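The values are calculated or read from the model by the stated rules, or taken from the named source; none is laboratory data. Computed from a prediction, not measured in an experiment: that's the story for all the values here. Here Cβ is always computed from backbone atoms with ideal geometry, including for glycine, and neighbour counts include all displayed protein chains.
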Amino acid sequence: MKIQKIEAENFKLFTSNFDKIQDIADSDMILFNGPNGYGKTSVFDIIEFCLTGDIKRISDYSDELAIAKNERFENKILIADESKKSFVKLVLEDDNKEIEICYCYSPSEKRKGVSKENNPHYIFDCFTRTIKCNGETIENEEEYFKSLQLYDIKEIFDKCCFLSQDEHLQFLKTTKKSKAEALAFLFDVPEKWKKEQEKVSNQLDILANKKKKNCYLRELECEEKIKNDEIEKLESKINKLNKESNIIYEKLFNDKEIFWDKENVEFDDISYLNAKQDLDNLLYFAEHKKDCINYNFNRPYENLVQEYNSNPNISYKENPLQYSYMFISLIKQEQDLEEKYRMGKIAGSILQNIQDKHYENLNWTYIKEREWLNVDEIEIIKKQLDLIEKLKKTQGIIQKAMTSLRQSRDNLIRNASEAMDNGVISSNNCPLCGEPFSDRIELDRKIKEETQLLGQLSDNSVIQIEDIIKDIYNNYLKRVEKIFLEILVNSVTDETYQRLQDAKKYKIQILEVEHILEKIGISMNRNVNDSIEDGYNNLLTKLKESLIDISEEVKIQLGRRKFIDYYDRFFDKEEHNFISIDIEKFKNKKMYIENLHYNFYIDEMSKRKNELSNVQTRINKLNSIIKGLQAYQDALKAGIQEYKKKIISDIEPLLHIYTAKILQQKFNGKSIYIHSSENVQDIQFVNSAQDNQDILYSMSSGQLSAVALSFLLCMNQAYGADKACSILLIDDPVQTIDDVNMVGFVDILRYEFGDRQIFISTHEQSFEWFLRYRYSKAEKKVNVFNMKDIMLQE
């Protein structure tokens, strides 16, 4: 596979379309000449970018300059004009197929300015790759790259294919370990070996790594320890039972059918353990009898002890005692408050109709039932209202409006007068038009004048209707209004009523709280002079003082041992039954049961010993397996190390030969050797097999450059020959080695890399002539591109 064409646009200094480098697939040597700064290195960047998706020196610069990945920048590197499309393209030829690899940048519609997207760390993410074969787009690009044997090109590119002019000594100057890591691709062991090594490692991890919870050996050893502990305890219990076997049966609970309290009971494992647990708990309760009684006394009150909560909307669940204290008075007045609330609602509705002069809407049935007006008075009012309706029917549109206006105006004046009396609104401004007046007297006088003026505009029907309404009010409804005002004064507000409804949801609980407090002489009645907070705190203090002190440890034990459940099951919640229990009787009962269960211990001992024997057998077998696996793992490691050393020994002769040819002599009578650690984790270059001093200490910069060139050629020869894209790129070698070294270098390229497509850049005319001369002698084709001429033509 050969490179046929290199193309770019809006990339670095190629602002327009750069497509002059083409038809080069049949060339043995492609030479870029011209002064510095005209794009020779940029062409190498295009090749590297297309093949690897990256430009290594750009990524290295970002790390070396310590550019943070969240740092923001104004512009993107590599792209000349961010508002335009940018791309790099490489066209390859392979068996009459034309393969096009293109990375393209498409500008966003709106430029973001300073952005993290412009960070050099992310520049290559801005480009999208497309691959075409004979003009058809490849969908699965990764699989296609594998089929071309280019899947690992990024890993080997800078070691086997490309020597950059500013990084030619970088590899030689890295640490021993870094060199080994950089050449890790050389030591790829066969996949079968890798899987086998991973398999053995995983097996050992599961079987023998005691740091892991699921380690099989650790589990077995823990099981062994548990079995030994159980056997030791069983032996102790059996010995004790043998010494104390003469225990007489005595029933503890005469009125209850308790399984373990019967005589000569046959226990199985579960029933024995349950009986033992019951007796252990009952013994503990008997030993802490007084604490148990106090615990039982405190229990209903301790749940109530909570500090004051300042939240006015506190719920019963948050603080039962405080909630009960706040609403007990409402609960006790429930019926009275609900009746007052109902009466207030009715009174408010009737009163509103009276004040708005909507007499036709009054609830006459309710007024009659309460005997606030008698039947005759109500009939008179209804006849007067019928007369008003007849007068309204005789009115024209204007007079109807006048009637409605006068009623609305009177209502507004009445409501405004009440507001002024209560100081809600100013008494110096007219409530109808907002005009200011010197005082209330002047305002009332002006309203009266305007009322008289409005009366002059009204006809007789309007005045007659108004007079009837006044008569109804003055003769009958005024006294009814007074009654309803008195009812409203004593009515219940909506807020109080709603609080009552909320409290009724917990009525039973609130009354229960009051009841249990009364048992210990504490009242929840609140002093009218106390705030809720002060009253509650006083109540809480009394409650705390009424509780009996019990140690925290005992309380925890009583909770864990479920004392309340036992108090119910065995003592029927009767304190005198509980007080009468005898500790010695419980101890004797426990020993009696243990004697009955002696055979259980014997059987358990036999089981545990058999289980222990099985566990120990498994441990021995497992240790034998682990030992074999470890030996196998060591053999695999040794084999892999030998494999890696053989790879180094295969490369070393080539490095030895190429270095000698380029330098034209051995260095101080010595050559170059590759020295590695036993496990091939460290690699360095030395000039003596016996001396491990690095060549950096003994060689000049020019000689080191020759070694770098030799190593590139060596790696390309050893590893790049089998790759589909056999290329070799060297950026300006004349900057790093002298003329004598160059002769040997060119001869190596000419005779030993004839099957490679070689790209070289230079700014030295003499080197170009020499290179072309030597290649022409070998009848090899050289394609020369003067980058200065190409760039000036654009």
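Miscellaneous remarks
- In the set Glu545, Glu553, only one residue is assigned to a helix (DSSP H, G or I) and over 30 Å from Pro312 (Cβ atoms); that residue is Glu553.
To keep it simple, each residue is scored yes or no on (1) at pLDDT below 85; (2) over 30 Å from Glu223 (Cβ atoms); (3) surrounded by fewer than 16 Cβ atoms within 10 Å (Cβ to Cβ).
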position: Asn599; (1), (2), (3): yes, no, yes
position: Asn610; (1), (2), (3): no, no, yes
position: Leu622; (1), (2), (3): no, no, no
position: Ile647; (1), (2), (3): yes, yes, no
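- Pair list, Cβ < 8 Å and 6+ apart or interchain, from region 751-769 residues that are basic (Lys, Arg) and modelled with pLDDT of 85 or more to residues that are part of a strand (DSSP E or B) and surrounded by 11 or more Cβ atoms within 10 Å (Cβ to Cβ): Arg756/Ile727; Arg756/Leu728
- Within region 768-792, the set of residues being part of a helix (DSSP H, G or I), in contact with a helix residue (DSSP H, G or I) (Cβ under 8 Å, 6 or more places away or on another chain) and farther than 16 Å from Leu729 by Cα comprises Phe770, Arg774, Tyr775, Met787.
- Residue check for Ile328: among the β-branched types (Val, Ile, Thr) and either outside the structural domain of Ile520 (by TED's automatic domain parsing) or touching a Ser or Thr at 6+ places or on another chain (Cβ under 8 Å) (or both): no
- Among the residues making up region 481-513, those that are closer than 16 Å to Pro320 by Cβ, surrounded by fewer than 19 Cβ atoms within 10 Å (Cβ to Cβ) and not basic (Lys, Arg) are Asp502, Ile508, Gln509, Leu511, Glu512.
- Inter-residue pairs, beta-carbon under 6 Å, first more than 24 Å from Asn319 (Cβ to Cβ) and in contact (Cβ under 8 Å) with a residue 60 or more places away in the chain and in region 283-307, second among the aliphatic types (A, V, I, L, M) and in a helix (DSSP H, G or I), 6+ apart: Ala286/Ile583; His288/Val554; Asp291/Val554
- Residue count for region 21-71, restricted to those that are polar (S, T, N, Q), outside any loop (DSSP other than H, G, I, E, B) and touching a His at 6+ places or on another chain (Cβ under 9 Å): 3
- Filtering region 266-309 to residues that are at pLDDT 85 or above and of a type in the set (Asp, Glu) leaves Asp278, Asp280, Glu287, Asp291, Glu307.
- Taking first residues from region 206-230 that are part of a helix (DSSP H, G or I) and partners that are among the aromatic types (Phe, Trp, Tyr), the Cβ contacts under 7 Å between residues at least 6 apart in sequence or on separate chains come to Ile206/Tyr216; Leu207/Tyr216.
- When Ile79, Ile24, Ile99 are screened for being in contact with a Phe, Trp or Tyr (Cβ under 8 Å, 6 or more places away or on another chain) and surrounded by 20 or more Cβ atoms within 10 Å (Cβ to Cβ), only Ile79 passes.
- Hey, Glu318 in the same structural domain as Leu511 (by TED's automatic domain parsing), surrounded by fewer than 17 Cβ atoms within 10 Å (Cβ to Cβ) and either at pLDDT 85 or above or farther than 24 Å from Tyr497 by Cα (or both) or not: yes
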